[in-house]
Structure formats: C-alpha cells, structure tokens
Amino acid sequence: MCIDNNGQGRPVLHAFMQNECALYIESCLQFLEARYAAEQTLTVFIDKDMAELIAIQAVFPLANIRLCSFHVASAVKRALQRKGNMSAKQIATYIEMFRGQRDSEIEEEYNSLRDQMAAVCPPDVVQYFEQQWWGCPRLWAAHCSDSPTFHVTTTNHAESFHQKIKRGLNNRTSLSAALAYLCETSTNLTTARTT
C-alpha cells in the first residue's frame with residue numbers, strides 16, 4: 001500500500017506467497033519495483049520483521065525503513081510485562097521514557113533519555129533496550145528519520161485495509177474467488193475515498 005498526496009492509503013500490490021521468507025517478499029517487491037519508479041519510494045513502514053527488512057533493503061536500497069510506532073510500543077510493553085519483576089507503575093514509567101526517545105526529533109534529547117533510562121531501569125531492562133532498540137535507532141527513533149513520512153508513523157493504513165480483506169477470505173477460498181474479491185474490495189475502497 002502506498003500513501004497518496006492526500007494522506008490516503010492506496011493498494012498497489014497483493015501477493016499470494018507460499019510463506020513470508022525474505023526471498024518470496026523480495027520477489028514480490030521486485031515485481032512492484034519494475035512497475036513503479038523505485039526512486040520515489042522514500043520511506044517504508046513495517047513491523048519488526050527481519051525478512052521484510054532484508055527484502056526491502058535489497059529492492060529499495062535508498063528507502064528509509066521505519067518501524068511502526070504502534071508495533072514498537074506494543075513490543076516494548078509486552079517485553080517489560082514478561083519480565084515480571086516490576087510494578088505496573090514502573091513499566092508505565094519506562095514505556096513513557098522510551099516513547100519520549102522514539103518521538104524526540106533532537107538527538108541530544110534522545111541520548112539524554114537513554115542515559116536516564118540506563119540510570120533508573122533494572123540491569124535486565126537496560127540489557128533488553130540495548131539489545132533490541134538502542135542498537136538500531138535509525139529504524140524507530142524520530143531524530144534518525146531523514147526522509148518524509150507525511151505524518152505517517154504506523155502501518156495502520158495497511159492493517160485497516162487488510163482487516164477488510166480478511167472478512168471475505170479464508171483458507172478455503174479458491175484463487176479465482178480471492179482475486180475477484182481483492183479486485184472488488186480495492187476498487188470499492190478507492191472509490192469510497194475519492195467520492
């Protein structure tokens with residue numbers, strides 16, 4: 001899905017894959033890249049899926065890959081809750097500090113928040129942030145974004161569209177019925193947005 005100049009999501013590719021390994025994703029992206037101007041793909045939002053990351057880097061090497069802010073926040077919350085050695089208030093505090101890091105557009109502010117977290121969080125929490133997040137800020141921290149996002153920070157456009165698609169598809173849907181449904185759904189959603 002791409003975002004148009006009105007901030008609306010537009011479906012540009014549907015793919016049926018045997019599985020979601022980097023090789024299959026890369027093949028689908030190559031199909032897309034051959035039909036659109038690859039140099040116009042400036043930013044791509046994903047959840048933290050390494051297969052997607054590898055495939056996007058291979059096909060769109062100039063694109064800025066960003067992690068969905070909702071998925072990032074959810075992953076951090078789940079990880080902290082699983083640790084089981086902190087109160088709900090502590091978890092909320094650490095999540096809020098991390099969100100401050102994520103949303104900060106100034107590197108010094110990001111670094112200051114990281115230092116504060118390193119000073120107040122338990123050692124296992126600091127280790128978690130070092131291993132999972134602080135080593136790859138270009139994927140999620142606002143100060144590292146050097147291409148336009150047009151105020152998009154999540155994969156919500158695609159997620160919302162896929163929820164509508166999933167209502168009419170299941171593992172027993174034939175390929176021809178699935179293709180017809182996808183064409184109809186894409187056309188209806190596009191038409192509804194332009195009227």
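The values are calculated or read from the model by the stated rules, or taken from the named source; none is laboratory data. Remember, predicted model here, so these are calculated numbers, not experimental data. Neighbour counts are summed over all protein chains in view; Cβ atoms, including those assigned to glycine, are modelled from backbone coordinates with ideal geometry.
Figures for the structure shown
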item: Segments classed as helices (runs of 4 or more DSSP H), wholly inside region 75-139, with at least 1 members that are surrounded by fewer than 17 Cβ atoms within 10 Å (Cβ to Cβ) and touching a Lys or Arg at 6+ places or on another chain (Cβ under 8 Å); result: 88-103, 123-129
item: Qualifying residues in region 140-157 (those that are of a type in the set (A, V, I, L, M) and in a loop (DSSP other than H, G, I, E, B)) - the one nearest to the chain's Cα centre (by Cα); result: VAL152
item: Unique residue being β-branched (Val, Ile, Thr), modelled with pLDDT under 90 and under 14 Å from THR155 (Cα atoms) when the list is ILE65, ILE3; result: ILE3
item: Residues that are assigned to a helix (DSSP H, G or I) and either charged (D, E, K, R) or under 22 Å from GLU39 (Cα atoms) (or both), drawn from region 55-74; result: ALA55, ILE56, GLN57, ALA58, VAL59
item: Index of the failed condition, THR153 passing every other in (1) closer than 15 Å to ILE46 by Cβ; (2) free of Cβ contacts under 8 Å to residues at least 24 places away in the same chain; result: (2)
item: Single residue of ARG78, ARG82, ARG99 found to be among the basic types (Lys, Arg) and in contact with a helix residue (DSSP H, G or I) (Cβ under 7 Å, 6 or more places away or on another chain); result: ARG99
item: Residue match in region 102-119 (condition: more than 21 Å from LEU80 (Cα to Cα), in contact (Cβ under 8 Å) with a residue 60 or more places away in the chain and touching a helix residue (DSSP H, G or I) at 6+ places or on another chain (Cβ under 7 Å)); result: no
item: Output for region 45-64, where each listed residue is surrounded by 16 or more Cβ atoms within 10 Å (Cβ to Cβ) and of a type in the set (A, V, I, L, M); result: ILE46, ALA51, LEU53, ALA55, ILE56, VAL59, ALA63
